[in-house]
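Engineer: Can you keep this structure in mind? I'll have questions shortly.
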Amino acid sequence: MNSEGRIREMNGRIDLHTHSTISDGTYTPAELVRYGKKKGLRAIALTDHDRIDGIEEAQMVGEEVGVEVIPGVELSADFSKGAMHLLGLFIDRTSPSFLRRLAVFQAARRERNPKIVQRLQEMGFKITEEEVAAAAGGRPPGRPHFARVLMEKGYVHSITEAFERYIGDGKPAYVKKPQPSPEVCIALIHEANGIAVLAHPNTIHLTDRKLSALFERLVKAGLDGVEVYYSTHTPEETVRYERLADEWNLLKTGGSDFHGEHKPQIDLGVGKGNLRVSYALLDALRERRENKTA
Ligand code: AMP
Ligand code: ZN
Ligand code: FE
Ligand code: FE
């Protein structure tokens, strides 16, 4: 390890992108935090899709075991290409207006889900809404729950295969749900006193020129940071996003996007094995947030 690496390790490691059973992960918020402790993490952000009701439990367990829990959320934004997701970090989980907006996003998911079931049925799969709901433990299902049912019924060998063949973006059983623009997502996160971060820029699939234009647009809308360190970023992509973050004076964040058994190849804190996110990044986030609200 070089000296910079040693300094990073000394600060402790963190994971600022995780999912629990509150959305489409397979660990409860409490289990997630305890697992973070076991993995030696100093801080975890819980960033469930459209939901913030796991945060209280995660923070309680965090205090008990000595892991800092950052209240977060992940929103899906409308964009012409790929998947654009925005993370809200340090959000106020009690903000009534934010909770009302999240309820709208959850409703969009509920409306979409029967349409996915219908498509799958038309393709000849024996799958029901009830089975998908059961896989999600009664909460609004996300696509990984559909994938899980398809796998358990033997239609696919893995969750990845379910996405690649049937329910991934643009695949035959994919149904798009109405999503707010990135500008609206950023404004909502700010209204809830959060820091707005562009998640996993590699899933938007843009050329250098188009990615620069997108950064210009998002920075104008108030974007605060970019998820530079991520489980599926190649070393080249990481360098590319580090440079963009510096160019646009954005904070750098990092996380695994841990989903438990729904993404079995991704582990908490370390991603596919070589992810390392330093606590120093969290200090920088906090500093920027304090300056903004001061
Ligand atoms: P939804 O919000 O219900 O549309 O589902 C999105 C979720 O599906 C996200 O958490 C992604 O992590 C997951 N997902 C999207 N594409 C894939 C893929 N190719 N393999 C595994 N999970 C995926
Ligand atoms: Zn997810
Ligand atoms: Fe995401
Ligand atoms: Fe995620």
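Read-outs: derived from the displayed coordinates by stated rules, not from any lab. Treat the numbers as computed from the prediction; the structure is a model and nothing was measured. Methodologically, a virtual Cβ is constructed for each residue, glycine included, from the backbone with ideal geometry; neighbour enumeration extends over all protein chains shown.
Engineer: Please find, among Asp267, Asp246, Asp257, the residue that is more than 16 Å from ligand 4 (Cβ to nearest atom) and in contact with a strand residue (DSSP E or B) (Cβ under 9 Å, 6 or more places away or on another chain). Lay out the reasoning, then the answer.
Structural biologist: On the way: Asp267 fails: more than 16 Å from ligand 4 (Cβ to nearest atom); Asp257 fails: more than 16 Å from ligand 4 (Cβ to nearest atom).
Exactly one residue qualifies, and that residue is Asp246.
Engineer: Only one of these conditions is not met by Val149: (1) under 21 Å from the mean Cα position of the chain (by Cα); (2) surrounded by 21 or more Cβ atoms within 10 Å (Cβ to Cβ). Which number is it?
Structural biologist: (1)
Engineer: Give the range 142-165 a look and list any residue that's in a loop (DSSP other than H, G, I, E, B) and of a type in the set (Lys, Arg), or say none. Steps first, please.
Structural biologist: Here is the first cut: in the range 142-165, the residues in a loop (DSSP other than H, G, I, E, B) are 142, 153-158.
Result: Lys153, single match.
Engineer: When the residues of the range 194-220 are filtered to those that are surrounded by 16 or more Cβ atoms within 10 Å (Cβ to Cβ) and assigned to a loop (DSSP other than H, G, I, E, B), which remaining residue is nearest to the chain's Cα centre (by Cα)?
Structural biologist: Filtering the range 194-220 for residues that are surrounded by 16 or more Cβ atoms within 10 Å (Cβ to Cβ) and assigned to a loop (DSSP other than H, G, I, E, B), the one nearest to the chain's Cα centre (by Cα) comes out as Ala199.
Engineer: Also, quick follow-up: Only one of (1) closer than 25 Å to Lys177 by Cβ; (2) of a type in the set (Phe, Trp, Tyr); (3) more than 14 Å from ligand 3 (Cβ to nearest atom); (4) touching a Pro at 6+ places or on another chain (Cβ under 7 Å) fails for Phe79. Which number is that?
Structural biologist: (3)
Engineer: Could you pull out the residue among Gly273, Gly260 that is small (Gly, Ala, Ser) and surrounded by 19 or more Cβ atoms within 10 Å (Cβ to Cβ)? Spell out how you get there, then give the answer.
Structural biologist: On the way: Gly273 fails: surrounded by 19 or more Cβ atoms within 10 Å (Cβ to Cβ).
Among Gly273, Gly260, only Gly260 is small (Gly, Ala, Ser) and surrounded by 19 or more Cβ atoms within 10 Å (Cβ to Cβ).
Engineer: If you don't mind, another one. Taking the condition more than 16 Å from ligand 4 (Cβ to nearest atom), of a type in the set (A, V, I, L, M, F, W, C), over 29 Å from Tyr229 (Cα atoms) and not in a loop (DSSP other than H, G, I, E, B), does Ala134 pass?
Structural biologist: Numbers: more than 16 Å from ligand 4 (Cβ to nearest atom): yes; of a type in the set (A, V, I, L, M, F, W, C): yes; over 29 Å from Tyr229 (Cα atoms): yes; not in a loop (DSSP other than H, G, I, E, B): yes.
Considered against the rule, which asks whether it is more than 16 Å from ligand 4 (Cβ to nearest atom), of a type in the set (A, V, I, L, M, F, W, C), over 29 Å from Tyr229 (Cα atoms) and not in a loop (DSSP other than H, G, I, E, B), Ala134 comes out as yes.
Engineer: Report the residue count in the range 221-243 for those that are in contact with a helix residue (DSSP H, G or I) (Cβ under 9 Å, 6 or more places away or on another chain), farther than 20 Å from Glu74 by Cβ and part of a helix (DSSP H, G or I).
Structural biologist: Initially, the range 221-243 is screened for residues in contact with a helix residue (DSSP H, G or I) (Cβ under 9 Å, 6 or more places away or on another chain), giving 221-230, 232-234, 237, 240-241.
Subset that is farther than 20 Å from Glu74 by Cβ: 234, 240.
Filter again for part of a helix (DSSP H, G or I), leaving 240.
Total satisfying the criteria: 1.
Engineer: Okay, next question. Taking only the range 8-58 into account, find how many residues are surrounded by fewer than 19 Cβ atoms within 10 Å (Cβ to Cβ), among the small types (Gly, Ala, Ser) and under 13 Å from Asp267 (Cβ atoms).
Structural biologist: Residues flagged as surrounded by fewer than 19 Cβ atoms within 10 Å (Cβ to Cβ), among the small types (Gly, Ala, Ser) and under 13 Å from Asp267 (Cβ atoms) within the range 8-58 amount to 1.
Engineer: Got at least one residue in the range 102-119 being without any contact (Cβ under 8 Å) to a residue 24 or more places away in the chain, outside any helix (DSSP H, G or I) and away from ligand 4 (no atom under 16 Å from the Cβ)?
Structural biologist: No, there is no match, as no residue in the range 102-119 is without any contact (Cβ under 8 Å) to a residue 24 or more places away in the chain, outside any helix (DSSP H, G or I) and away from ligand 4 (no atom under 16 Å from the Cβ).
Engineer: Sticking with this structure for a sec: Scanning for something over 20 Å from His19 (Cα atoms) and of a type in the set (Gly, Ala, Ser), does the range 101-124 turn up at least one residue?
Structural biologist: Scanning the range 101-124, I find at least one residue that is over 20 Å from His19 (Cα atoms) and of a type in the set (Gly, Ala, Ser), so the answer is yes.
Engineer: Scan the range 109-149 residue by residue and report those that are more than 15 Å from ligand 2 (Cβ to nearest atom) and within 27 Å of Ile189 (Cα to Cα).
Structural biologist: Arg110, Glu111, Gly138
Engineer: So which pairs qualify, if the first residue must be in the range 152-180 and within 18 Å of Pro114 (Cβ to Cβ) and touching a residue at least 24 places away in the same chain (Cβ under 8 Å), the second must be of a type in the set (Lys, Arg) and in a helix (DSSP H, G or I), the Cβ gap must be under 7 Å, and the two must be at least 6 apart or on different chains?
Structural biologist: Correct list of pairs: Ile167/Arg143; Pro172/Arg119; Ala173/Arg119; Val175/Arg112; Val175/Lys115; Val175/Arg119; Lys177/Arg109; Lys177/Arg112.
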